[in-house]
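> Attaching a single structure in structure tokens format; questions to follow.
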Amino acid sequence: MKTLVQINPVLRRSTSTGRIMQEIGELAQQNGWDSYVAYGRGRDGILPCRSHILPVGNVFSTAWHGAATRLFDLHGLASRRATSRFVGRLEVLQPDVVHIHNIHGYFLNYPAFFDYLRRSGVPVVWTVHDCWLYTGHCYYYTYAGCQRWRTGCHDCPQRRQFPASWVVDRSRSNYTRKQAVFTSLAPGQLTIVPVSDWIREEMSHSFLRDCNFQVIHNGIDTGVFRPRPTAAVRARYGLGDKHVLLGVASIWSKEKGLDDFIQMSRLLRESECIVLVGLRREQLRRLPAGIVGIARTENVEQLAELYAAADAFLNPTWQDNYPTVNLEAISCGTPVVTYRTGGSVEAVTPATGVVVPRGDVRAMLQAARQIGAQGKAACQAACRAYALSHFRKEDRYMDYLHLYERLAAGRKRK
């Protein structure tokens, strides 16, 4: 039996990366693999999971890693003892494939981990969910308009953004260290999997440009995210027969477009309302008239009902890779209006939505009104058909399984 080990700081299914990791592991098990998932115990706790779990570190090592990040800009360079113990487990397991999702998350020392990968020769798959692996600090740079990662980071304009450093800027040395470590594996050992064509193109200008690449878009549960009756959810939130413009985020910020929605609320007609899902308590208190705020919910059925009830899904994100929320809305039969940003445009076709210039709030609202004028029913079937052809998680996860099988077979032939 072949063994798969996946790595991500969080395991819980309420996060996109945690859910993807668990569901890939389940598919691997169904196809004869032994599946292990490693995660940062200090951040996530032990949760039900069908794969074997490999907790890394504890609350104390996570706290120290956080302090080293905040004070000295050493994210990914603490947790030496926790990483050493994790590597010891891997040396016993001798996995056939190691699949990295994220290793930034206050739980793993990446030079020590890559030293093991280099020594073992195990095939490595690295899914690129954001940009951290090829920058000296940040995990997105689009909002800041920074291009220093192309030649060598320094004087980071986002030092105080995740993973925030309050005192020191080590973006130059972090960039150099990442370049040395992440390019240290044997030729062909590392396969990088961008989840969007946009980030694949970006990485062609990074120090990882010579690696093997295979784009695999994220998938979703199209059985959960589907068109459904909307009367109950409209009544629950007092939406009546208003034209509903929906926005969803796990964390709302300027970069995700919260300020854009607030600006848009001043332009609404009496027949229109904005519904935002995923707001924190203090954000809920500051909402202007015209916006219905909903705290983050763990109930995906309720979220799917909101997608289906909306007349248009608006995503004014200023930086993103391949946002799952766009896929979920389209799968529920709701067209998307998004800024021309990163990979956010890749799920939007003339049949499934509209792309507008970044920052143009009026253009976004006008596009949503045009969708309302023609009637959502005019594009609901096309949205659903496109989702079933492109977004099914079973299809996208099978892409990973085929990749694992090829890499494991290639290693044995050597």
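> Of (1) within 22 Å of A67 (Cβ to Cβ); (2) modelled with pLDDT of 95 or more, Y141 satisfies all except one. Which?
Evaluating Y141 over (1) within 22 Å of A67 (Cβ to Cβ); (2) modelled with pLDDT of 95 or more leaves (1) as the failure.
> Could you go through the range 236-249 and let me know if any residue there is at positive phi and in the same structural domain as E305 (by TED's automatic domain parsing).
Here is the first cut: in the range 236-249, the ones at positive phi are 238, 240.
Checking which are in the same structural domain as E305 (by TED's automatic domain parsing) leaves us with 238, 240.
Checking the range 236-249: at least one residue is at positive phi and in the same structural domain as E305 (by TED's automatic domain parsing).
> Within the set of pairs 6 or more residues apart or between chains, which connect a residue that is more than 15 Å from P316 (Cβ to Cβ) inside the range 364-375 to a residue that is basic (K, R) with Cβ atoms less than 7 Å apart?
none
> Right, here's the next one. Please verify whether N321 is within 21 Å of the chain's Cα centre (by Cα), modelled with pLDDT under 95, closer than 30 Å to Y141 by Cβ and surrounded by 20 or more Cβ atoms within 10 Å (Cβ to Cβ), treating the condition exactly as stated.
Yes; evaluated as a whole, the condition is true for this residue.
> Which one of R85, R70, R89 is assigned to a helix (DSSP H, G or I) and farther than 24 Å from T3 by Cβ?
From the options R85, R70, R89, the qualifying one is R70.
> Among (1) more than 24 Å from Q214 (Cβ to Cβ); (2) buried (at least 16 other Cβ atoms within 10 Å of the Cβ); (3) modelled with pLDDT of 95 or more, there is one condition N102 misses while meeting the rest; what is its number?
(1)
> Select, from S173, S196, the only residue that is outside the structural domain of Y386 (by TED's automatic domain parsing), on the phi < 0 side of the Ramachandran plot and surrounded by 21 or more Cβ atoms within 10 Å (Cβ to Cβ).
On the way: S173 fails: surrounded by 21 or more Cβ atoms within 10 Å (Cβ to Cβ).
Matching residue, one of S173, S196: S196.
> Could you identify the single residue in L47, L27 that is at pLDDT 95 or above and either crowded, with 20+ Cβ neighbours inside 10 Å or not charged (D, E, K, R) (or both)?
Exactly one of L47, L27 is at pLDDT 95 or above and either crowded, with 20+ Cβ neighbours inside 10 Å or not charged (D, E, K, R) (or both), namely L27.
> Same structure, new question: Looking only at the range 130-148, filter to residues that are buried (at least 21 other Cβ atoms within 10 Å of the Cβ) and of a type in the set (F, W, Y); which one of those is farthest from L108 (Cα to Cα)?
Here the answer is Y141.
> Can you confirm whether H217 is surrounded by 17 or more Cβ atoms within 10 Å (Cβ to Cβ) and within 20 Å of L276 (Cα to Cα)?
It is false that H217 is surrounded by 17 or more Cβ atoms within 10 Å (Cβ to Cβ) and within 20 Å of L276 (Cα to Cα).
> Identify, by number, the condition in (1) at pLDDT 95 or above; (2) more than 23 Å from the chain's Cα centre (by Cα); (3) farther than 24 Å from Y400 by Cα; (4) surrounded by fewer than 21 Cβ atoms within 10 Å (Cβ to Cβ) that A82 doesn't meet.
Failed condition: (4).
> Run D399 past the list (1) in the same structural domain as V244 (by TED's automatic domain parsing); (2) within 30 Å of T142 (Cα to Cα) and report the number of the one that doesn't hold.
(1)
> Considering only residues that are in a loop (DSSP other than H, G, I, E, B) and either assigned by TED's automatic domain parsing to the domain that holds R13 or not polar (S, T, N, Q) (or both), look in the range 280-303 and name the one that is modelled with the lowest pLDDT.
Among them, the one singled out is E298.
> Let me ask another. Looking at the range 218-240 only, could you name the residues that are in a helix (DSSP H, G or I) and over 28 Å from the mean Cα position of the chain (by Cα)?
So the first thing to find is which residues in the range 218-240 are in a helix (DSSP H, G or I), and the list is 231-236.
Those that are in a helix (DSSP H, G or I) and over 28 Å from the mean Cα position of the chain (by Cα): A231, A232, R234, A235, R236.
> Only one of V345, V277 is in contact with a strand residue (DSSP E or B) (Cβ under 8 Å, 6 or more places away or on another chain), among the aliphatic types (A, V, I, L, M) and either over 24 Å from R12 (Cα atoms) or crowded, with 22+ Cβ neighbours inside 10 Å (or both). Can you tell me which?
Result: V345 is the single residue among V345, V277 that is in contact with a strand residue (DSSP E or B) (Cβ under 8 Å, 6 or more places away or on another chain), among the aliphatic types (A, V, I, L, M) and either over 24 Å from R12 (Cα atoms) or crowded, with 22+ Cβ neighbours inside 10 Å (or both).
The values are calculated or read from the model by the stated rules, or taken from the named source; none is laboratory data. Everything numeric here is computed off the predicted structure, so don't read it as measured data. Note that each Cβ is placed from the backbone with ideal geometry, even for glycine, and that neighbours are counted across all protein chains shown.
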